[in-house]
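Have a look at the structure below before the remarks.
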Amino acid sequence: MTDMAKDLTTAAPPTPRLDFNTPALQRKRRRRALQDRLARWYVTVGGLAVLGAITLIFFYLIQVVLPMFQGAELSARGEPQRPAWLAEQGKALLMAVEEQNQVAMRLDARGQVLFFEAAGEKPLGQVALPIPAGAEIVSLGRDLPGSNRLVLGFSNGQALVFGHSYQVTYPGNVKTVTPRIDYPFGEAPIPLDPQGRPLHRVAMNVGSEGLLLAASTGNQVLALELSREENLMTGEVTLSERRLELPQLAEPVKALLIDPRQLWLYVINGRSSADVFDLRRQELNGRYKLLADPQAEVTEVTALLGGLSLMVGDSKGGIEQWFMARGETGPELKHVRGFQLAGSPIVQILPEERRKGFLALDAAGNLGVFHSTAHRTLLVEPVAGAGALAALSPRADRLLLESAGRLQSFALDNPHPEVSWSALWGKVWYESYDEPQYVWQSTSANTDFEPKLSLAPLTFGTLKAAFYAMLLAAPMAICAAIYTAYFMAPAMRTKIKPVIELMEALPTVILGFFAGLFLAPYVESHLPGIFSLLLLTPLGILAAAYGWSRLPERIRLRVPDGWEAALLIPVILVVGAFALGMSGHLENWFFGGDMRLWLTNDLGIKFDQRNALVVGLAMGFAVIPNIFSIAEDAVFSVPKSLTLGSLALGATPWQTLTRVVILTASPGIFSALMIGLGRAVGETMIVLMATGNTPIMDVNVFEGLRTLAANVAVEMPESEVGSSHYRVLFLSALVLLMFTFVMNTAAELIRTRLRKKYASL
């Protein structure tokens with residue numbers, strides 16, 4: 001007992017207990033907890049900021065785009081005026097407003113031109129036109145919208161051509177508009193009818209070759225060409241004339257209009273018939289029925305801006321658009337589209353001077369605002385009583401009405417009439433086109449340009465470029481990812497994967513520059529070689545694999561397992577060199593020395609140097625790293641237990657790959673494809689530099705294209721802020737955003753479904 005007690009007393013002291021609640025550890029825990037909270041808040045705030053930024057971008061695009069689809073607004077400016085000077089004037093034949101909306105012009109039946117303030121407060125001056133003694137004004141005709149040139153037809157068979165212009169000056173820093181009357185072909189009336197009969201209808205057009213006048217005396221149509229020549233030394237002006245012989249009509253003439261190129265003379269006669277005369281041949285081109293309703297009658301005919309389209313108003317409130325287009329037997333007058341104002345007869349059609357829009361006024365005083373190209377009715381509103389006369393300002397923002405001795409001014413807000421759903425996404429029949437088409441052409445050199453803002457060819461080009469890029473990138477990237485993750489040796493994988501991912505660091509502008517300046521002409525000059533390369537490469541790989549399988553086992557075992565892919569490098573190089581080297585010989589043997597001409601002449605396939613094939617090669621190269629990296633990670637992340645279990649049960653490596661590995665990795669592979677497709681859809685620089693930017697709808701791989709993203713990049717710097725063109729470009733960006741959103745949402749739903757379906761493997 002004594003010895004045992006001694007042993008216990010001499011035993012080692014007990015190990016001291018660690019204290020986990022020291023002040024230092026407490027400070028460390030508090031610091032770590034603070035860091036965790038800060039990190040959690042930082043990640044939360046960052047994620048919410050990203051979502052908020054995307055939401056703000058979406059709503060900003062909506063805010064920019066929505067004004068395009070709003071209608072027109074008409075608001076009265078003050079109370080109707082009943083000026084005393086208006087009662088002293090004769091019956092109004094015409095009113096007009098100058099561009100600054102300060103001065104208006106009124107022409108009455110006595111030949112008095114009165115200039116007055118557009119607000120209707122006081123007159124500014126009056127000019128008496130040189131009307132021949134004993135003659136009266138019988139008819140009035142106008143040149144193209146925006147020209148301010150007019151012609152008066154008199155009862156003695158003569159016509160007077162004059163114009164009204166406005167000079168803006170700033171005396172004493174005060175804007176002053178000075179109106180005046182011009183006589184471009186002299187103050188003396190021009191004799192149109194040698195017999196001196198009244199000119200019941202008259203029309204004019206001033207073209208590059210001179211003045212063309214047309215008039216009718218009952219059923220007879222007269223035409224006169226006047227060429228104006230000025231002596232550079234003396235300034236003397238001489239006029240030479242030529243009369244055109246036109247056949248007599250069976251019915252009285254209601255209206256005359258002249259084509260701006262002086263090719264056609266439109267004669268509206270009877271209830272709703274139009275005779276079109278070929279002025280070059282001086283013969284009838286054809287007789288057309290303008291109205292489908294036999295009970296309706298033509299009441300007003302006016303040319304739109306540019307003079308190509310005829311707007312025909314009828315007695316039932318309808319307005320039809322017609323223009324010349326190529327038909328089966330030659331040029332024909334074709335019906336394009338129709339509009340409806342109300343049930344009363346159309347008495348006046350006012351074309352805009354800078355757009356393809358127009359206003360219409362009916363006998364009941366209803367006003368309609370329309371746009372021809374967009375086939376859009378923007379406003380229908382009663383504004384006056386019966387017998388009103390209207391004038392529209394050149395900027396189409398001010399309307400002046402005279403009715404029952406009163407003047408009323410209206411402000412018209414109509415900023416985006418040329419945009420409609422049909423104009424953006426449907427086929428539109430544009431002036432001088434043979435048929436409705438999808439066209440994007442936002443600008444032109446002439447002032448009477450008809451905007452062509454169809455997004456259909458741009459959307460088609462976007463999908464076409466993405467399709468050909470994915471056609472090249474998807475099979476190569478997915479197959480490479482599967483082989484790299486499943487068959488390749490780990491040491492080789494650590495070298496190959498970073499190299500492929502490094503391809504993504506190459507700027508797309510460099511790829512686009514390379515594709516546009518080198519690849520496009522190279523593909524054009526080596527077409528047989530390119531197609532031979534696409535065909536021979538898989539055949540060469542299969543042949544090499546078959547040859548490798550037939551080699552003695554002692555030779556095949558010298559190559560480490562998983563390194564066989566390195567043997568394909570010389571095979572691909574040899575096949576590529578052979579295919580491209582044989583390109584010239586194949587072209588001489590099979591395509592007459594030029595495959596491009598053979599495609600165009602023999603097969604009728606158009607060929608552009610910068611085409612979808614070049615885009616597919618260049619953009620496919622850019623998309624491959626995205627798809628490869630994500631798909632390879634998905635395949636490599638499949639648990640080894642699944643692979644080994646399948647092999648242990650007797651499945652071959654190929655069966656294990658197709659029935660276990662790919663199914664398990666399918667959500668990741670699908671995500672890789674969707675991300676690659678999103679990258680292809682949103683790509684800008686490659687398609688901008690390698691496609692030729694031709695907005696056409698053609699599946700031909702040898703034709704060019706234009707994408708939504710490239711179109712925004714090209715035209716946004718040149719667009720006017722707030723214009724329809726500007727907002728349509730923002731709509732293009734919104735379409736891309738919506739496409740990406742819908743595509744990613746669908747991809748997430750499909751990926752979640754695949755994950756649930758194969759989670760039990």
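Every number here is computed from the coordinates shown, using simple stated rules; none is lab data. These figures come from a predicted structure and were not determined experimentally. All Cβ positions, glycine included, derive from the backbone under ideal geometry; neighbour counts span all protein chains shown.
For the stretch 129-289, the Kirkwood estimate of the hydrodynamic radius, built from every pair of different alpha carbons, is 16.9 Å. Computed from point charges on the beta carbon alone (+1 for Lys and Arg, -1 for Asp and Glu), the dipole magnitude for the stretch 293-437 about its Cα centre is near 340 Debye. Between the residues Ile572, Asn588, Leu533, the greatest Cα displacement towards the positive end of the dipole of the stretch 528-615, with unit charges on the Cβ of Lys, Arg, Asp and Glu, is found for Ile572. Derived scalar couplings between HN and Hα for the stretch 292-307 equal 6, 7, x, 7, 8, 9, 5, 10, 7, 9, 9, 8, 6, 3, x, x Hz in order, rounded to whole Hz, by the Karplus curve 6.51 cos²θ - 1.76 cosθ + 1.60 (θ = phi - 60°), x for Gly and Pro. Partner aspartates and glutamates whose Cα lies under 14 Å from the Cα of Lys427, excluding those fewer than 8 positions away in the same chain, are identified as Glu435. Evaluating 6.51 cos²θ - 1.76 cosθ + 1.60 at θ = phi - 60° for every residue in the stretch 171-181, the Karplus couplings come out as x, x, 6, 10, 5, 10, 9, 10, x, 7, 10 Hz, glycine and proline recorded as x. Shown here for the stretch 88-147: trypsin sites (Lys or Arg not before Pro) in loop regions (DSSP other than H, G, I, E, B) with at most 15 other Cβ atoms within 10 Å, namely Lys91, Arg110. Here each label is just a point 7 Å from Cα along the line to Cβ, and for Trp85 and Lys495 those points are 9.5 nm apart. Put in line by how crowded their Cβ is, counting other Cβ atoms within 10 Å and starting with the fewest, Val714, Val615 read Val714, Val615. Are there any helices in the chain, counted as whole DSSP H runs, that stretch 20 Å or more along their axis by Cα and score at least 0.5 on average by Kyte-Doolittle, and if so which? Taking the DSSP H segments of the chain (at least 20 Å long, mean hydropathy at least 0.5), we get 456-482, 527-549, 612-636, 662-682, 724-757.
How would the stretch 81-127 be classified by its alpha-carbon gyration tensor: rounded, prolate or oblate, with rounded meaning a/c under 1.5 and the a/b versus b/c comparison settling the rest? The shape class here is oblate. In this model, which of Lys91/Lys316; Lys122/Lys254; Lys28/Lys756; Lys175/Lys254 are farther than 31 Å apart at the alpha-carbon? Check vs 31 Å cut-off fails for Lys122/Lys254; Lys28/Lys756; Lys175/Lys254. Ranked by the mean number of other Cβ atoms within 10 Å per residue, highest first, peptides 69-75, 723-729 order as 723-729, 69-75. Entry note, the stretch 129-289: relative contact order of 15 percent, from Cα contacts under 8 Å with a spacing of 6+ residues. Using 0.36 nm per residue and subtracting the Cα-Cα separation, the extra length available between Phe578 and Ala24 on full extension is 192.1 nm. Restricting the GluC sites (Glu not before Pro) of the stretch 672-761 to loop positions (DSSP other than H, G, I, E, B) with no more than 16 neighbouring Cβ atoms within 10 Å leaves Glu720.
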